[in-house]
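Notes for the one structure printed next.
The values are calculated or read from the model by the stated rules, or taken from the named source; none is laboratory data. Computed from a prediction, not measured in an experiment: that's the story for all the values here. Heads up, the Cβs are rebuilt from the backbone with ideal geometry, glycines too, and the neighbour counts pull from every protein chain shown.
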Amino acid sequence: MYLPKRFVALLSFFLTSVATAQVPYGPVRQMPPGEILQNLKKLNVLGTVLYVAAHPDDENTLFLAYLSKERMVRTGYLSLTRGDGGQNLIGPEQGENIGVIRTQELLAARRVDGPDQFFSRAYDFGFSKSTDEAVRTWGQDKVLADVVWMIRKYQPDVIITRFPPDKRAGHGHHSASGYLAEEAFKISNDPTKFPEQLVYVKPWQARRVFWNMFIPGAFLSNKKPDEAGNLIGLETGLYNPLLGKSYGEIAAESRSQHKSQGFGVPASRGVKVDYLLLKNGDPVEKDPFEGVDMTWKRVPNSEDVQAQVNQLINSFRADRPAASVPALVQLYKAIGQLDSTTLYVQTKRQEVQSLIQQCLGLWLESTPADYAVTPGSSVKLTTSVVSRADVPVRLLAIRYSTGADTTLNLPLKPNDQVVLNSMLAIPRTQKISQPYWLEKPIDKGLFQVDNQQLIGLPENPPAVSVTYTVEIAGQRFSYTRPVVYKSTDPVEGETYRPFIIQPDVTANIAERVYAFLDNNAKTADVVLKAGRANVTGTLRIDVPTGWRVEPATLPFALTNKGDEQRLSFRLLPGKNAQNGAMKAVMTTENGTFTSGLRTIAYPHIPPQTLFPPAEAKALKVAVNVTAKNIGYIVGAGDEIPAALQQMGCRVTPLGPAELARDLSGYDAVVVGVRAYNTNDWMPVYQPKLMDYVKNGGTMIVQYVTPGGFVNNGGIKVAQIGPYPFTVGRDRVTEEDAKMTFLNPQHPLLNRPNKITDADFAGWIQERGIYFAQDWDKAYEPLFAANDTGEAPKQGSLLYAKYGKGHFMYTGLVFFRELPAGVPGAYRLFANMISVGK
């Protein structure tokens, strides 16, 4: 067997890393007896599968639940991206911020269906139409290296892809995930490929790779696909009496964690067949694991272990799980006598140790008095330990990852809680708790991660962890848990959030973009927040060439931790001011700080704290706006109202109460993205909005998704414009695609701003999505555009005169471009809201 240097020593570290990555942010969940028995049976299964797809929500949660809980194989889901390019149904987050949300949603899904969760470094840069574009943007060798890394690290017997490596996948990222998985299968056992990885892992060859066939339109059918090749079917919709659920019910609960994408689904019950097409490797007849020894026979000298596991399963008592602890301790010792370099010796020993904790009801928890502290500070830590079974347990020691430890020798009486208070000192060298993949700027389509050992992990290792050494039935065990903050909410009850390390001071600039239509000064407010008590220093704003800031610096003094102070600067553009980033820089006695603070908080995920650069964009742009009073109907979350305010407009949010009033005072009414998909009151006010246009108003509807218009008590939106058109799935994903002006003399392209090709320079991610189609002749398309190799599409912006007013539907992604400070997007949107003035 090939064993590279340091492999044996590092094997334990990687197993710990994989296990730690899957630990929930709260305490270890106590399993009911049926689930404990399920996991006892899993001790007898020595098989591993790696499932590969492109995004959060791509995974087949039914098949994952079946693999993990019916076949009881060690199962991992590798999502190449974190879903950063997806739309957000629940809030305004975009880009890497929605990626943070979707990462946590995937972890929540895995806590339901059971597998481990992994990611590559690939950034979801938006919809892609080809494998070639996806791998070229990511950097094929780098993402391929990540897939090879995970195969070598996880050592799967079988690899399964969700998508084929061709156009049937429907998305370039999808097809790329199938392509890269199949390529990695071929080379992961070749030590000449990515040899730098062999310091930590060894080459590995999976037995075979399958495509878990997904064909749109046939997904919910059990019909065998008409596909040539080695095809097998597996019934996955089975019922598990130990869990009290079918895998269809588990899968629905898992998939419904993807709330930011609106993927709540009903539970399925009854027969469901999944089909696997062999893409490479050994032929099969009926089962993906044919020829794979998934018993203890694959570990030398394990006959006694096999017998002990069988005895444990046969003797387990659901009314008294702790009765199995002595035998589990003996099993732990027996496994420890086997070859420690073997993956399953390590993983099964960990599984036995976890089962001992579950059977004892052993509670181990350390919670700080605050959820965030700074390097060099201290925080009170409360440790709670309780064993809830009549089995001898002693708490021997507590060791903190920061270096301190406490020697004890406390017997744990059954159900008698031990509470220990201590002060946790945070080293001055402790890193700030920034997600590891966001520590450096994104390089085109790839997160920059220098530490090979972090690649694949779904989130950071805990800021601080605690290792509890206990003696159970004469055997020492060490359990490591993250330090997590606990509080009590009057509605939700006991809640947990990650414990983080934060800077001394952070700065949030009030606006993402400061757009200057002229040379008049604007006030830029900066909100400072103290990460600790008694923070004093100076703040300055670094600006691009040609800008001036007054004053040059301002002093600040923050007495209490959490205090905020608002400081104001005057920002003035010079004649040759260059567009670019303006950065807040704080200088204190402890050094220089340049981080902002962003908390992403939704009920279905633990709060996520990010420390992005404290930056905003200074934008000097020639924009004329004649509309001043704008009504805005908020949709699924966007930041266009802030951009309108930067253009000098007064923006009024329009909900049911405002729409019930007179609308004639608004120069334009703008409908936010997906508003017709998300606001159930839109059908009620649709006639009034059309009357507003007919009487002289201007209405702009941003993209909606097809087939999902809301229904209010039987009232439906038959059409969202004054004349018929439909919304399709056409899009232009190349952000630099040529925009052809179909009628260069149209007012929208000439007043009050002359729109030229230059206004489509610097767009990000894409041109547009969900274009209009099949429109009435009363509409006039303004642009044609297409991705490379495709026919031109004209549905990105439609205009119609209706009565005295003006109506527009647009799939152009203003919701991305305006917050990003793209000058041409400001100019075109200004023309659209001003067309009636």
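State which residue is surrounded by the fewest Cβ atoms within 10 Å (Cβ to Cβ) when the search covers only the stretch 519-536 and only residues that are out of contact with any Asp or Glu (no Cβ under 7 Å at 6 or more places or on another chain) and assigned to a strand (DSSP E or B). Walk me through it before giving the result.
Here is the first cut: in the stretch 519-536, the residues out of contact with any Asp or Glu (no Cβ under 7 Å at 6 or more places or on another chain) are 519-526, 533-534, 536.
Now drop any that are not assigned to a strand (DSSP E or B), which leaves 522-526, 536.
Numbers: Lys522: 15, Thr523: 10, Ala524: 21, Asp525: 12, Val526: 23, Thr536: 13.
Once the filter is applied, the top-ranked residue is Thr523.
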Notebook entry, point to check: Does Arg661 satisfy being charged (D, E, K, R) and more than 30 Å from Leu749 (Cβ to Cβ)?
Noted result: yes
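Is there a residue being assigned to a helix (DSSP H, G or I) and under 13 Å from the mean Cα position of the chain (by Cα) anywhere in the stretch 62-75? Outline the logic, then answer.
So the first thing to find is which residues in the stretch 62-75 are assigned to a helix (DSSP H, G or I), and the list is 62-70.
Restricting the remaining residues to those that are under 13 Å from the mean Cα position of the chain (by Cα) gives none.
No, because not a single residue in the stretch 62-75 is assigned to a helix (DSSP H, G or I) and under 13 Å from the mean Cα position of the chain (by Cα).
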Next item on the list: Please go through the stretch 501-518 and pick out each residue that is part of a strand (DSSP E or B) and touching a strand residue (DSSP E or B) at 6+ places or on another chain (Cβ under 6 Å).
Entry: Val505, Thr506, Ala507, Asn508, Ile509, Val513, Tyr514, Ala515, Phe516
Checklist line | Of all residues making up the stretch 796-821, the number that are over 28 Å from Gln645 (Cα atoms) and crowded, with 22+ Cβ neighbours inside 10 Å | finding: 0
Margin query: Which pairs turn up if I take residues in the stretch 515-530 that are farther than 18 Å from Val505 by Cβ and look for partners that are loosely packed, with under 12 Cβ neighbours inside 10 Å and among the basic types (Lys, Arg) with beta carbon separation below 9 Å, at least 6 apart in sequence or on another chain?
Written below: Asn519/Lys575
Check: Of (1) assigned to a loop (DSSP other than H, G, I, E, B); (2) farther than 21 Å from Ser366 by Cβ, Trp437 satisfies all except one. Which?
Finding: (1)
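In the stretch 493-502, what residues are of a type outside the set (Lys, Arg) and under 24 Å from the mean Cα position of the chain (by Cα)? If you could, list the steps in order and put the result at the bottom.
The first filter runs over the stretch 493-502 and keeps only residues of a type outside the set (Lys, Arg), leaving 493-496, 498-502.
Correct list: Thr495, Tyr496, Pro498, Phe499, Ile500, Ile501, Gln502.
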Check: In the set Lys272, Lys279, Lys286, which member is surrounded by fewer than 18 Cβ atoms within 10 Å (Cβ to Cβ) and either in contact (Cβ under 8 Å) with a residue 24 or more places away in the chain or in contact with a Phe, Trp or Tyr (Cβ under 6 Å, 6 or more places away or on another chain) (or both)?
Finding: Lys286
Notebook entry, point to check: When the residues of the stretch 639-657 are filtered to those that are touching a strand residue (DSSP E or B) at 6+ places or on another chain (Cβ under 6 Å) and either assigned to a loop (DSSP other than H, G, I, E, B) or assigned by TED's automatic domain parsing to the domain that holds Ala616 (or both), which remaining residue is nearest to Gln87 (Cα to Cα)?
Noted result: Leu654
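Among the candidates Leu742, Leu689, Leu748, which residue alone is buried (at least 19 other Cβ atoms within 10 Å of the Cβ) and either closer than 16 Å to Gln794 by Cβ or out of contact with any helix residue (DSSP H, G or I) (no Cβ under 8 Å at 6 or more places or on another chain) (or both)? Before the answer, list the steps.
Numbers: Leu742 fails: buried (at least 19 other Cβ atoms within 10 Å of the Cβ); Leu689 fails: either closer than 16 Å to Gln794 by Cβ or out of contact with any helix residue (DSSP H, G or I) (no Cβ under 8 Å at 6 or more places or on another chain) (or both).
Criteria check complete, one pass: Leu748.
Answer yes or no as to whether Pro498 is touching a strand residue (DSSP E or B) at 6+ places or on another chain (Cβ under 8 Å) and farther than 30 Å from Met647 by Cβ.
Details: touching a strand residue (DSSP E or B) at 6+ places or on another chain (Cβ under 8 Å): yes; farther than 30 Å from Met647 by Cβ: yes.
For Pro498, the condition - touching a strand residue (DSSP E or B) at 6+ places or on another chain (Cβ under 8 Å) and farther than 30 Å from Met647 by Cβ - is met.
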Check: Would you call Val209 more than 24 Å from Asn97 (Cα to Cα), among the hydrophobic types (A, V, I, L, M, F, W, C) and crowded, with 17+ Cβ neighbours inside 10 Å?
Finding: yes
Checklist line | Residue selected from the stretch 690-711 under the condition assigned to a helix (DSSP H, G or I) and of a type in the set (A, V, I, L, M, F, W, C), by the criterion farthest from Ile833 (Cα to Cα) | finding: Met690
